[in-house]
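Enquirer: Have a look at this one.
The values are calculated or read from the model by the stated rules, or taken from the named source; none is laboratory data. Quantities reported herein were computed from a predicted structural model and do not represent experimental measurements. Note that each Cβ is placed from the backbone with ideal geometry, even for glycine, and that neighbours are counted across all protein chains shown. The accessibility values were calculated without ligands, DNA or RNA, using every heavy atom of the protein model including side chains. Shrake-Rupley method; radii C 1.70, N 1.55, O 1.52, S 1.80 Å.
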Amino acid sequence: MLKRHPTLHYILTRAGWYFLTFLVAVTINFFLPRMGPSNPIDIIMAKVGSGLDTKAAKEKEEAYLKEFGLVELDNGGAILRDESGNPVRTPGWKQFRNYILMSLQGDLGTSFLNYPKKVTEIIKQAVPWTLALQFPTIMLGWIIGNILGALAAYRRGVFDRLFFPMALLLSAIPFFAFGMLLVYQFGIEWRVFPAIGGYAGNLIPSLNWSFIGSALYHYILPFLSIFLILAGGQAIGMRSMCIYELGTDYVKYAKWLGINENRVLFYMFRNAMLPQLTGLALSLGGMIGGALITEMIFSYPGLGMAVLTAIQGNDYPLIQGCTLLITVSVLLANFTVDILIGFFDPRVKAGQKGK
Amino acid sequence: MDTLRFLKRFLAGLACILLVGCGKGSKETSKPAAGGDTEFPRALTLYLAGFQWGEPNTFNPLSDWPAFPVGGNFNLMYEPLMAFNTLTGDMEPLLARSFDKTSEYVSVTMDPRATWSDGQKVTASDVRFTYEIGQLFKNAPTAFVWDYISKITVDTITDSTANSLVEKITFLINKDRNNPLVVMDFLQNVRIVPRHYLEPMLEAQGGDLSALQKLKIDQNPVVSGPYNLLRYSGEKIVLKRRDDYWGNAALRGNRLPKPQYIIHPIYKSNDHFSIALQQGNLDVSSTFIPRIWMKAKDGVRTWYSKEPFFVPAAMTMFMINVTHYPLSDKNFRRAMAAAINYTDVRELAFSLYSPGLKPGLILPFGMEERYFSAEDAQKYGVSYDPELAKKILSDAGYTSEWDESGALKGMKNAKGEQVPTVFIKSPAGWTDWEAIVKIAVKSMRAAGIDVREGFVDAGIYWQSMPSGDFDLLLHAPNPSVTPSQPWSRLEAVMSSRNWKPQGEKMNENQGRYNNPKSKEYNPAVDKLLKQIPATADETQKKELYRALNAIFMQDQPTLPLVYRPEQFYEFSVANWKNFPSEENPYAPPQSPCFGAGTKALWEIESTNK
């Protein structure tokens, strides 16, 4: 049956590979944080242990080890101990088994550092902000950047001479530095845009105009900090690709044949777009990880900070939850683009038919 | 053609997933606020920050680290028996109106007017529940108090002034520790919780405290304090004034606290505290902001309007692992103490927020001044003196080796062996601490001591501290100002009651000073540490403190570097005025939510009309 549906065959093969990648990534996500020398209980004890003496601190620590499932228990629920009286730690493979079993039931566990908050709860609260900022910004930046780049390549002249150096400059600025410049100039010096936060401090998120207005107003600087840099970078890439395509034989031939100019442009645009699509997949995949810097510069709500504190505090369940999300988003973005390329790129299409 | 159709469907499906995902999430964050408050007028809202970092986890008063203002020393929702005024040293009435202290017990008289937010009275039964839950459960926050108290008794006595019956609670001192000082600490830092509200909850969980600790108790909790939780998110915690708070009539002359709302925004970067203060979006902060005097033009103020700006109350120091060679040599430690340029630390790393350092572990000002002896400091202590450092080293047989360019190569001891380089462990990225370490390294190397920076990930830093896995480690032991200071600082630095070798964990004296099993063990240290809290006579107490501080200065088990405030109390006068300050010291230098500082909420005035 698959023979008769080369597209379906292509998609299923890709999906199979992505699933395999997913499994490997999940395993690495589990073991990597546990390989470091520091552990979450020590960090928690630093928080709660001040003022306790050695004996009380030890009792508290063991209560946490038990609560988080990091020590072996006997049948009565008491902590198993070795000869010297220290608790027996649960081996990594056992923790991994528990993690897989729980994840399959949709339970990402309880965060250590935000105890007793569930990992899913933390992610659910933060992800809408990250998506709402990153997704439209990346999509718009990509679309507008590409259109402008193609235009610059095609029109040349004054437009290109003004546009190209500007885009080059923007694409060369690290986006965090640009974000800080924006905050300094517009948020602190001129005070025309808010310097901090995702909405005004005197509001709470609710569906009314004052909140939506405030959220949009606070959106502008973080949006610009990502959008301009991304659009600039995309435009540079697109412009070069288009200039290259303009010089190719097929364009010359099509022009010579007298084919409608818009049609030639369409062919050209379609071919020049292919590498850009891969770039889009990378940007979308890096969405959640990349949000951190923006969040720190603007104190913007989102998942990035949760990821950072989780990693700093070795909050295993939260790290696993966040890296799972990042893994899924990177793979999903790549998968989508893989499929899209399958449709756009005649060579890939031909390859499928040939099978 | 089928491919195009597929593409369309695929994209439609993707859009659906995204929309549903977003929709779900935003529903979660936009729960309708209790009471319908969604906007907070500036004139009625006090913004304070610096106590909650990251996502609020829980508001359960029986959990270990609940979010602001349930954890910590905040008197907004749950209240302790008394409030400790860190400026005057007085215990101010709160749920209890007075206290009595002897060597056998600490007792308090409850204020019969105190009520919970559901109208029930706050009684001795609530106090017993709060403490005794620690006797039943090892994982309760009050578990450790039973090392210090042996029994709680309640008597009903006739109150002479009001001629009414009041409850008197007596905490009998546990004679093992024999430490009434720490019991005094409990009066002001153990927050009383409502028994009639929490006990049924505990029963509903089958008597399992760790199951109860998983509940967030964030929906209209029963509290006794002047504010209650309105709502919270990852961006802020909003508290609303309780106009029926019992203390308004009983303690504050029938007045309401001025702010109707208190909002604690949660910022993600240190700079945002200073930006928000300068822009008037934040009224009180408690974070380290360098060169605060530059912000005065924007209305940002501190307790003192000039140096040292903050009220010093604690010490930042290098803990020394005295089991590591050459740090095991007292002379080496004293040479280090003489080699560090404390003036540079204070001026360059600490933004002048400290008076000049005096030797010893007792502060030469404030409440501790009465135990400080300038004469002893002169006699036993060492101050910055690079020549003295070099002399101590050469007298002890150490020679420093320099290369042609004058840089220190290393050190040899009297036997001609290479002395290992000493590393200072400190968290990477804590910029003010990094500066302290760099200055200390520079000045010690200049005096010929082979010391290097060792910046590590904060997680490793926290782990190294109790296990003793360090040479030197930057730390501020016991920075809170409580009735038990300066004893608790001395205990945290010098006690070998729980001495354990490196690798096993110690929660005090992490430098492993005064090993009881070693030949050099000085039993006087532990004896003095045990005697001081049980001594009532002030003259005798001063003698004991002097003796202990003299041992500290001679043995130099840690290297105090600079004084620091309990909290960096900063405020903006753009929207509220009449905050407590040096000129107007009606409350201690604390954020108006913290300890006895809370009473400032009744005195501040909005400048917005």
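Enquirer: Hey, any hits in the range B:402-419 for a residue that's among the β-branched types (Val, Ile, Thr) and without any contact (Cβ under 8 Å) to a residue 60 or more places away in the chain? Steps first, answer last, please.
Expert: Keep residues of the range B:402-419 that are among the β-branched types (Val, Ile, Thr), which gives B:419.
Now narrow it down to the ones that are without any contact (Cβ under 8 Å) to a residue 60 or more places away in the chain: none.
For the range B:402-419, residues among the β-branched types (Val, Ile, Thr) and without any contact (Cβ under 8 Å) to a residue 60 or more places away in the chain: absent.
Enquirer: Determine if the range B:584-598 includes at least one residue that is closer than 30 Å to B:Ala250 by Cβ, surrounded by fewer than 18 Cβ atoms within 10 Å (Cβ to Cβ) and not polar (S, T, N, Q).
Expert: Here is the first cut: in the range B:584-598, the residues closer than 30 Å to B:Ala250 by Cβ are B:584-598.
Among the residues that remain, those that are also surrounded by fewer than 18 Cβ atoms within 10 Å (Cβ to Cβ) are: B:584-586.
Pick out the ones that are also not polar (S, T, N, Q) and you get B:585-586.
Yes, some residue in the range B:584-598 is closer than 30 Å to B:Ala250 by Cβ, surrounded by fewer than 18 Cβ atoms within 10 Å (Cβ to Cβ) and not polar (S, T, N, Q).
Enquirer: Going by the conditions given, is A:Ala153 modelled with pLDDT under 90 and away from chain B (no Cβ under 11 Å)?
Expert: Numbers: modelled with pLDDT under 90: yes; away from chain B (no Cβ under 11 Å): yes.
Taking the combined requirement at face value, the residue satisfies it.
Enquirer: Give the range B:496-537 a look and list any residue that's more than 14 Å from chain A (Cβ to nearest Cβ) and in a helix (DSSP H, G or I), or say none.
Expert: Passing the criteria: B:Pro523, B:Ala524, B:Val525, B:Lys527, B:Leu528, B:Gln531, B:Ile532, B:Ala534.
Enquirer: Of the residues that make up the range A:17-33, is at least one assigned to a helix (DSSP H, G or I), open to solvent by less than 30 Å² (accessible area, probe 1.4 Å) and within 13 Å of another protein chain (Cβ to nearest Cβ)?
Expert: yes
Per-residue answers, yes or no, for (1) at pLDDT 85 or above; (2) more than 11 Å from chain A (Cβ to nearest Cβ); (3) surrounded by fewer than 16 Cβ atoms within 10 Å (Cβ to Cβ):
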{"residue": "B:Phe10", "(1), (2), (3)": "no, no, yes"}
{"residue": "B:Leu14", "(1), (2), (3)": "no, no, yes"}
{"residue": "B:Phe40", "(1), (2), (3)": "yes, no, no"}
{"residue": "B:Leu62", "(1), (2), (3)": "yes, yes, no"}
{"residue": "B:Pro66", "(1), (2), (3)": "yes, no, no"}
{"residue": "B:Asn85", "(1), (2), (3)": "yes, yes, no"}
{"residue": "B:Phe99", "(1), (2), (3)": "yes, yes, no"}
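Enquirer: Out of A:Arg81, A:Arg34, A:Arg14, report the one residue that is closer than 30 Å to A:Ile341 by Cβ and among the basic types (Lys, Arg). Explain how you work it out, then say what you get.
Expert: On the way: A:Arg81 fails: closer than 30 Å to A:Ile341 by Cβ; A:Arg34 fails: closer than 30 Å to A:Ile341 by Cβ.
Answer to the selection: A:Arg14.
Enquirer: Checking the condition open to solvent by less than 10 Å² (accessible area, probe 1.4 Å) and either more than 16 Å from B:Met319 (Cα to Cα) or in contact with a Phe, Trp or Tyr (Cβ under 6 Å, 6 or more places away or on another chain) (or both), which residue from B:Glu520, B:Glu570, B:Glu504, B:Glu538 passes? Can you show your working first?
Expert: Numbers: B:Glu520 fails: open to solvent by less than 10 Å² (accessible area, probe 1.4 Å); B:Glu504 fails: open to solvent by less than 10 Å² (accessible area, probe 1.4 Å); B:Glu538 fails: open to solvent by less than 10 Å² (accessible area, probe 1.4 Å).
When all the criteria are applied, what remains is B:Glu570.
Enquirer: Here's something else I'd like to know. Here are the criteria: (1) at pLDDT 95 or above; (2) under 32 Å from the mean Cα position of the chain (by Cα); (3) not in a loop (DSSP other than H, G, I, E, B). Tell me which single one B:Met367 does not satisfy.
Expert: Here B:Met367 meets the rest and fails (1).
Enquirer: Which of the residues belonging to the range A:107-148 are facing chain B (nearest Cβ under 9 Å), closer than 19 Å to B:Phe59 by Cα, of a type outside the set (Ser, Thr, Tyr) and in contact (Cβ under 8 Å) with a residue 12 or more places away in the chain?
Expert: A:Leu113, A:Asn114, A:Ile122
Enquirer: For the range B:599-609, which residues satisfy the criterion of being open to solvent by 10 Å² or more (accessible area, probe 1.4 Å) and within 18 Å of B:Asp243 (Cβ to Cβ)? Steps first, answer last, please.
Expert: Residues of the range B:599-609 that are open to solvent by 10 Å² or more (accessible area, probe 1.4 Å), as a first pass: B:599, B:603, B:605-609.
Correct list: B:Lys599, B:Glu603, B:Ser606.
Enquirer: While we're looking at this one, here's another question. Tell me, which helices (runs of 4 or more DSSP H) lie completely within the range B:382-494 with 1 or more residues that are touching a Pro at 6+ places or on another chain (Cβ under 6 Å)?
Expert: On the way: elements: B:386-395, B:431-446, B:458-467, B:487-494.
Once the helices (runs of 4 or more DSSP H) in the range B:382-494 are filtered for at least 1 residues that are touching a Pro at 6+ places or on another chain (Cβ under 6 Å), what remains is B:458-467, B:487-494.
Enquirer: Give the residue that is farthest from the other protein chains (Cβ to nearest Cβ), with candidates limited to residues of the range A:34-71 that are open to solvent by less than 30 Å² (accessible area, probe 1.4 Å) and of a type in the set (Ser, Thr, Tyr).
Expert: A:Tyr64
Enquirer: Just the residues that are modelled with pLDDT of 95 or more, open to solvent by 40 Å² or more (accessible area, probe 1.4 Å) and within 13 Å of chain A (Cβ to nearest Cβ), please, taken from the range B:248-277.
Expert: Result: B:Gln260, single match.
Enquirer: Same structure, new question: Looking at the range A:194-204, which of the residues that are open to solvent by 10 Å² or more (accessible area, probe 1.4 Å) and in contact with a His (Cβ under 8 Å, 6 or more places away or on another chain) is nearest to the other protein chains (Cβ to nearest Cβ)?
Expert: A:Ile196
Enquirer: Which residue out of B:Tyr197, B:Tyr245 is away from every other protein chain (no Cβ under 14 Å) and open to solvent by 20 Å² or more (accessible area, probe 1.4 Å)? Step through it out loud before you land on a result.
Expert: On the way: B:Tyr245 fails: open to solvent by 20 Å² or more (accessible area, probe 1.4 Å).
Within the list B:Tyr197, B:Tyr245, the selection yields B:Tyr197.
Enquirer: Quick test of your reading of the structure: B:Lys168 fulfils all but one of (1) within 14 Å of chain A (Cβ to nearest Cβ); (2) surrounded by fewer than 20 Cβ atoms within 10 Å (Cβ to Cβ); (3) under 25 Å from B:Thr482 (Cβ atoms). Name the failing condition by number.
Expert: Unmet for B:Lys168, out of (1) within 14 Å of chain A (Cβ to nearest Cβ); (2) surrounded by fewer than 20 Cβ atoms within 10 Å (Cβ to Cβ); (3) under 25 Å from B:Thr482 (Cβ atoms): (1).
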